[in-house]
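Have a look at the structure below, then the notes.
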Amino acid sequence: GRAKVRAYAYLTMPHDRLLTAAAQKRLEVMQTLDSLGAGFQLASYDLDIRGAGNLLGEEQSGHIREVGIELYQHMLEEAVRAARDQGAAAAAPAEDWTPQISVGTPVLIPETYVEDLGVRLGLYRRIAALVDQQEIDAFAAELIDRFGKLPDEVDNLLDIVRIKRLCRAAGVEKIDAGPKGAVISFRDNRFARPEKLIAFITREKASVKLRPDHKLVFMQAWDEPKARLSGVNGLLDRLVKLAA
(Lines give C-alpha, C1' and ligand atoms only; values in the text may rest on other atoms or scores of the structure.)
Protein backbone atom coordinates (compact mmCIF):
# COMPACT_ATOMS: atom_id res chain seq x y z
CA GLY A 1 0.00 0.00 0.00
CA ARG A 2 0.87 3.71 -0.06
CA ALA A 3 0.60 6.23 2.77
CA LYS A 4 -2.68 5.52 4.59
CA VAL A 5 -4.02 3.15 1.94
CA ARG A 6 -3.70 -0.51 2.94
CA ALA A 7 -3.09 -3.10 0.22
CA TYR A 8 -4.20 -6.72 0.21
CA ALA A 9 -2.75 -9.85 -1.39
CA TYR A 10 -4.75 -13.04 -2.02
CA LEU A 11 -2.73 -16.24 -2.39
CA THR A 12 -4.39 -19.15 -4.20
CA MET A 13 -3.27 -22.54 -5.47
CA PRO A 14 -4.84 -25.53 -7.30
CA HIS A 15 -6.91 -27.74 -5.02
CA ASP A 16 -4.93 -30.86 -6.00
CA ARG A 17 -1.55 -29.39 -4.95
CA LEU A 18 0.04 -29.79 -1.52
CA LEU A 19 2.19 -27.17 0.17
CA THR A 20 5.79 -28.04 0.94
CA ALA A 21 6.99 -27.79 4.53
CA ALA A 22 9.01 -24.64 3.71
CA ALA A 23 6.04 -22.99 1.98
CA GLN A 24 3.79 -23.78 4.93
CA LYS A 25 6.33 -22.23 7.30
CA ARG A 26 6.54 -19.09 5.13
CA LEU A 27 2.75 -18.68 5.21
CA GLU A 28 2.69 -19.10 8.98
CA VAL A 29 5.34 -16.38 9.33
CA MET A 30 3.41 -14.04 7.01
CA GLN A 31 0.26 -14.52 9.10
CA THR A 32 2.06 -13.43 12.28
CA LEU A 33 3.63 -10.29 10.72
CA ASP A 34 0.70 -7.99 10.03
CA SER A 35 2.18 -4.67 11.16
CA LEU A 36 3.50 -1.94 8.88
CA GLY A 37 7.26 -2.00 8.37
CA ALA A 38 7.61 -5.74 9.05
CA GLY A 39 9.38 -6.38 5.73
CA PHE A 40 12.88 -6.66 7.20
CA GLN A 41 11.69 -9.07 9.89
CA LEU A 42 9.94 -11.14 7.22
CA ALA A 43 13.13 -11.22 5.14
CA SER A 44 15.11 -12.36 8.18
CA TYR A 45 12.69 -15.22 8.78
CA ASP A 46 12.89 -16.17 5.10
CA LEU A 47 16.70 -16.26 5.23
CA ASP A 48 16.47 -18.44 8.30
CA ILE A 49 14.17 -20.85 6.46
CA ARG A 50 16.02 -21.19 3.16
CA GLY A 51 19.56 -19.80 3.64
CA ALA A 52 21.39 -17.52 1.20
CA GLY A 53 24.71 -18.92 0.02
CA ASN A 54 28.02 -20.04 1.51
CA LEU A 55 29.84 -16.77 2.16
CA LEU A 56 33.08 -18.37 3.31
CA GLY A 57 33.50 -20.71 0.35
CA GLU A 58 33.38 -20.52 -3.41
CA GLU A 59 30.66 -23.08 -4.17
CA GLN A 60 27.75 -20.92 -2.92
CA SER A 61 25.77 -23.72 -1.32
CA GLY A 62 25.69 -22.96 2.40
CA HIS A 63 23.65 -20.61 4.56
CA ILE A 64 24.09 -16.99 5.54
CA ARG A 65 23.35 -17.93 9.15
CA GLU A 66 26.54 -20.05 9.18
CA VAL A 67 28.65 -16.89 9.30
CA GLY A 68 26.26 -14.37 10.80
CA ILE A 69 24.62 -11.24 9.50
CA GLU A 70 27.45 -8.96 10.70
CA LEU A 71 30.13 -10.80 8.72
CA TYR A 72 27.82 -10.89 5.70
CA GLN A 73 27.29 -7.13 5.83
CA HIS A 74 31.03 -6.51 6.25
CA MET A 75 31.89 -8.69 3.25
CA LEU A 76 29.18 -6.99 1.21
CA GLU A 77 30.65 -3.58 2.06
CA GLU A 78 34.09 -4.78 0.93
CA ALA A 79 32.64 -6.09 -2.35
CA VAL A 80 30.84 -2.80 -3.04
CA ARG A 81 34.01 -0.84 -2.24
CA ALA A 82 36.03 -3.03 -4.61
CA ALA A 83 33.43 -2.60 -7.37
CA ARG A 84 33.49 1.18 -6.98
CA ASP A 85 37.26 1.12 -7.25
CA GLN A 86 36.83 -0.81 -10.54
CA GLY A 87 38.86 -3.76 -9.37
CA ALA A 88 41.78 -1.75 -8.04
CA ALA A 89 43.15 -2.80 -4.68
CA ALA A 90 41.40 -0.74 -2.05
CA ALA A 91 43.73 0.81 0.49
CA ALA A 92 41.73 -0.24 3.53
CA PRO A 93 43.15 0.32 7.01
CA ALA A 94 45.10 -2.65 8.37
CA GLU A 95 42.47 -3.31 11.02
CA ASP A 96 39.54 -3.11 8.59
CA TRP A 97 39.74 -6.45 6.80
CA THR A 98 38.20 -9.85 7.33
CA PRO A 99 40.10 -13.13 6.76
CA GLN A 100 38.31 -15.68 4.60
CA ILE A 101 38.22 -19.04 6.35
CA SER A 102 36.97 -22.30 4.85
CA VAL A 103 37.41 -25.52 6.80
CA GLY A 104 34.47 -27.58 5.54
CA THR A 105 32.73 -27.89 8.92
CA PRO A 106 29.29 -26.64 10.04
CA VAL A 107 29.65 -23.36 11.93
CA LEU A 108 26.36 -21.91 13.17
CA ILE A 109 24.00 -21.54 16.10
CA PRO A 110 21.38 -24.26 15.49
CA GLU A 111 17.71 -23.45 15.80
CA THR A 112 17.42 -26.44 18.15
CA TYR A 113 19.92 -24.76 20.52
CA VAL A 114 18.55 -21.18 20.42
CA GLU A 115 14.98 -21.17 19.09
CA ASP A 116 14.32 -17.42 18.92
CA LEU A 117 15.59 -15.87 15.67
CA GLY A 118 16.14 -12.43 17.21
CA VAL A 119 18.24 -13.90 20.01
CA ARG A 120 20.32 -15.87 17.49
CA LEU A 121 20.99 -12.77 15.40
CA GLY A 122 21.98 -10.89 18.55
CA LEU A 123 24.41 -13.68 19.47
CA TYR A 124 25.90 -13.56 15.96
CA ARG A 125 26.48 -9.82 16.36
CA ARG A 126 28.23 -10.38 19.66
CA ILE A 127 30.37 -13.17 18.21
CA ALA A 128 31.49 -10.84 15.41
CA ALA A 129 32.71 -8.35 18.04
CA LEU A 130 34.84 -10.84 20.04
CA VAL A 131 38.49 -9.80 19.92
CA ASP A 132 40.56 -12.03 22.21
CA GLN A 133 40.65 -15.47 23.84
CA GLN A 134 39.40 -14.18 27.17
CA GLU A 135 36.25 -12.74 25.57
CA ILE A 136 35.71 -15.95 23.57
CA ASP A 137 35.95 -18.11 26.71
CA ALA A 138 33.63 -15.80 28.64
CA PHE A 139 31.08 -15.86 25.81
CA ALA A 140 31.21 -19.67 25.65
CA ALA A 141 30.64 -19.87 29.41
CA GLU A 142 27.64 -17.53 29.09
CA LEU A 143 26.12 -19.68 26.32
CA ILE A 144 26.50 -22.82 28.44
CA ASP A 145 24.90 -21.06 31.40
CA ARG A 146 21.95 -19.78 29.32
CA PHE A 147 21.29 -22.58 26.83
CA GLY A 148 23.20 -25.66 28.01
CA LYS A 149 26.10 -27.65 26.61
CA LEU A 150 27.54 -26.24 23.38
CA PRO A 151 26.60 -28.20 20.23
CA ASP A 152 29.46 -29.10 17.89
CA GLU A 153 28.34 -26.40 15.42
CA VAL A 154 28.64 -23.64 18.04
CA ASP A 155 31.93 -25.02 19.30
CA ASN A 156 33.20 -24.95 15.70
CA LEU A 157 31.97 -21.38 15.31
CA LEU A 158 33.95 -20.22 18.32
CA ASP A 159 36.99 -22.09 16.98
CA ILE A 160 36.62 -20.12 13.74
CA VAL A 161 36.59 -16.88 15.76
CA ARG A 162 39.89 -17.95 17.36
CA ILE A 163 41.33 -18.81 13.94
CA LYS A 164 40.17 -15.45 12.59
CA ARG A 165 42.08 -13.69 15.39
CA LEU A 166 45.24 -15.67 14.55
CA CYS A 167 44.83 -14.91 10.83
CA ARG A 168 44.85 -11.19 11.54
CA ALA A 169 47.94 -11.49 13.74
CA ALA A 170 49.81 -13.54 11.10
CA GLY A 171 48.65 -11.46 8.12
CA VAL A 172 46.77 -14.40 6.60
CA GLU A 173 44.05 -13.18 4.24
CA LYS A 174 42.58 -16.54 3.25
CA ILE A 175 42.83 -20.13 4.36
CA ASP A 176 41.22 -23.17 2.74
CA ALA A 177 41.54 -26.37 4.76
CA GLY A 178 40.45 -29.88 3.80
CA PRO A 179 41.15 -33.54 4.57
CA LYS A 180 44.61 -33.36 2.96
CA GLY A 181 45.87 -30.09 4.45
CA ALA A 182 45.52 -26.34 3.92
CA VAL A 183 46.35 -23.57 1.44
CA ILE A 184 47.19 -20.17 2.94
CA SER A 185 47.20 -16.78 1.19
CA PHE A 186 48.97 -13.85 2.85
CA ARG A 187 47.55 -10.34 2.74
CA ASP A 188 49.11 -8.46 -0.21
CA ASN A 189 51.41 -11.51 -0.65
CA ARG A 190 53.57 -10.27 2.21
CA PHE A 191 54.79 -11.76 5.49
CA ALA A 192 56.13 -9.68 8.37
CA ARG A 193 59.32 -11.76 8.80
CA PRO A 194 60.07 -13.43 5.43
CA GLU A 195 63.44 -14.76 6.59
CA LYS A 196 61.76 -16.68 9.40
CA LEU A 197 59.11 -18.00 7.01
CA ILE A 198 61.78 -19.24 4.58
CA ALA A 199 63.61 -20.97 7.44
CA PHE A 200 60.32 -22.58 8.52
CA ILE A 201 59.60 -23.85 4.99
CA THR A 202 63.13 -25.23 4.68
CA ARG A 203 62.89 -26.95 8.04
CA GLU A 204 59.45 -28.44 7.29
CA LYS A 205 60.00 -29.09 3.56
CA ALA A 206 58.41 -32.54 3.79
CA SER A 207 55.02 -31.06 4.65
CA VAL A 208 55.22 -27.32 3.76
CA LYS A 209 55.74 -25.81 0.31
CA LEU A 210 55.55 -22.29 -1.15
CA ARG A 211 53.82 -22.15 -4.55
CA PRO A 212 54.87 -19.79 -7.35
CA ASP A 213 51.73 -17.70 -6.64
CA HIS A 214 53.10 -17.09 -3.08
CA LYS A 215 50.51 -19.34 -1.45
CA LEU A 216 51.69 -21.57 1.38
CA VAL A 217 50.66 -25.23 1.12
CA PHE A 218 50.61 -27.32 4.28
CA MET A 219 50.16 -31.08 3.69
CA GLN A 220 48.58 -32.99 6.55
CA ALA A 221 45.86 -35.64 6.96
CA TRP A 222 42.87 -34.01 8.67
CA ASP A 223 39.99 -36.39 8.06
CA GLU A 224 37.98 -35.41 11.13
CA PRO A 225 36.54 -31.86 11.35
CA LYS A 226 37.81 -31.37 14.90
CA ALA A 227 41.30 -32.49 13.91
CA ARG A 228 41.14 -30.03 11.00
CA LEU A 229 40.19 -27.11 13.24
CA SER A 230 42.85 -28.05 15.77
CA GLY A 231 45.46 -28.44 13.01
CA VAL A 232 44.64 -25.08 11.42
CA ASN A 233 44.74 -23.42 14.83
CA GLY A 234 48.17 -24.93 15.54
CA LEU A 235 49.55 -23.96 12.12
CA LEU A 236 48.39 -20.37 12.44
CA ASP A 237 49.77 -20.16 15.97
CA ARG A 238 53.20 -21.07 14.57
CA LEU A 239 52.86 -18.43 11.84
CA VAL A 240 51.97 -15.80 14.45
CA LYS A 241 55.14 -16.63 16.37
CA LEU A 242 57.18 -16.43 13.15
CA ALA A 243 55.69 -13.03 12.31
CA ALA A 244 56.37 -11.63 15.80
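The values are calculated or read from the model by the stated rules, or taken from the named source; none is laboratory data. Worth saying up front: this structure is predicted, and the values here are computed from it rather than measured. Quick reminder, even Gly has a Cβ in these numbers, built from the backbone with ideal geometry, and neighbours come from all protein chains shown. The protein model used for the area step is the full one, side chains on, heavy atoms only, and it has no ligands, DNA or RNA in it. Shrake-Rupley method; radii C 1.70, N 1.55, O 1.52, S 1.80 Å.
Summary of values
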{"item": "Protein accessible area in the range 87-215, 1.4 Å probe - carbon and sulfur %", "result": "53"}
{"item": "Paramagnetic reach from K196 in the range 139-177 [backbone N under 14 Å; point 7 Å along Cα→Cβ]", "result": "169-172"}
{"item": "Gain upon complete extension [D213, T98; 0.36 nm per residue less C-alpha separation]", "result": "39.3 nm"}
{"item": "Entries in K205/K226; K164/K196; K196/K241; K164/K226; K174/K205; K149/K180 that, when Cα-Cα distance is taken, lie over 19 Å", "result": "K205/K226; K164/K196; K174/K205; K149/K180"}
{"item": "Listed peptides 180-190, 161-171 by packing density, highest first (mean Cβ within 10 Å)", "result": "161-171, 180-190"}
